[in-house]
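Chemist: Below is one structure. I have some questions about it.
Bear in mind that the values in this text are calculations on the coordinates, not laboratory data. Treat the numbers as computed from the prediction; the structure is a model and nothing was measured.
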Amino acid sequence: MSIVLHCLAILNRQGTPVYMRTFDSTDRSAETAAKQQDQCVKYHYLAYTSCDVIEERLLQNKTSSDLYIGLLQTIGDVSVYGYVLNTGNRLILVTSVPAESSAVQTAEIKALFQQIHATYVALICNPFYDMAADMVDRLGNINSPKFDSIVDELVNAYSS
């Protein structure tokens, strides 16, 4: 089953982005670049609006220990899925998933979230990781080439 991943966002509990990355093609023509910029803004908007949906779901189901929130919203051909870490940080995936066999897709998306979560925890808990050295700015954004490469591998594995 192939899942088309458009965007991965990691937001802290206040909703500030810690990591945001889009995975659409890298065509360099001016017209395509403008479309990609519009799509990037769309994906970021969907990630931010999903925070409200996550908050509602967490308030409704306070007893659940499952980190996977599930499908948050669908707009057109784009679906947004959420996952909340124990620290309150949120993982948000913006995808285009074919409509058939949603149970299989849910299992794959949940497994992808778990692998991204494990990668994120391994990065943050590494005693040799210097977050201050990897930050683009002092807002806590992750700018780790190793994290990027692992995320790329995961995206390629689930998109093929």
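Chemist: Under 21 Å Cα to Cα from Lys62, which lysines show up? Leave out anything in the same chain fewer than 8 places away.
Modeler: Reachable lysines: Lys110.
Chemist: Mind checking the full-extension length gain between Val41 and Ala122? Use 0.36 nm per residue of separation minus the Cα-Cα distance, one decimal, nm.
Modeler: Extending this stretch completely gives an extra 26.3 nm.
Chemist: Could you run the Karplus curve 6.51 cos²θ - 1.76 cosθ + 1.60 with θ = phi - 60° over segment 54-61 and give me ³J(HN,Hα) per residue in whole Hz, x for Gly and Pro?
Modeler: Those phi angles translate into 4, 4, 4, 5, 5, 5, 6, 10 Hz.
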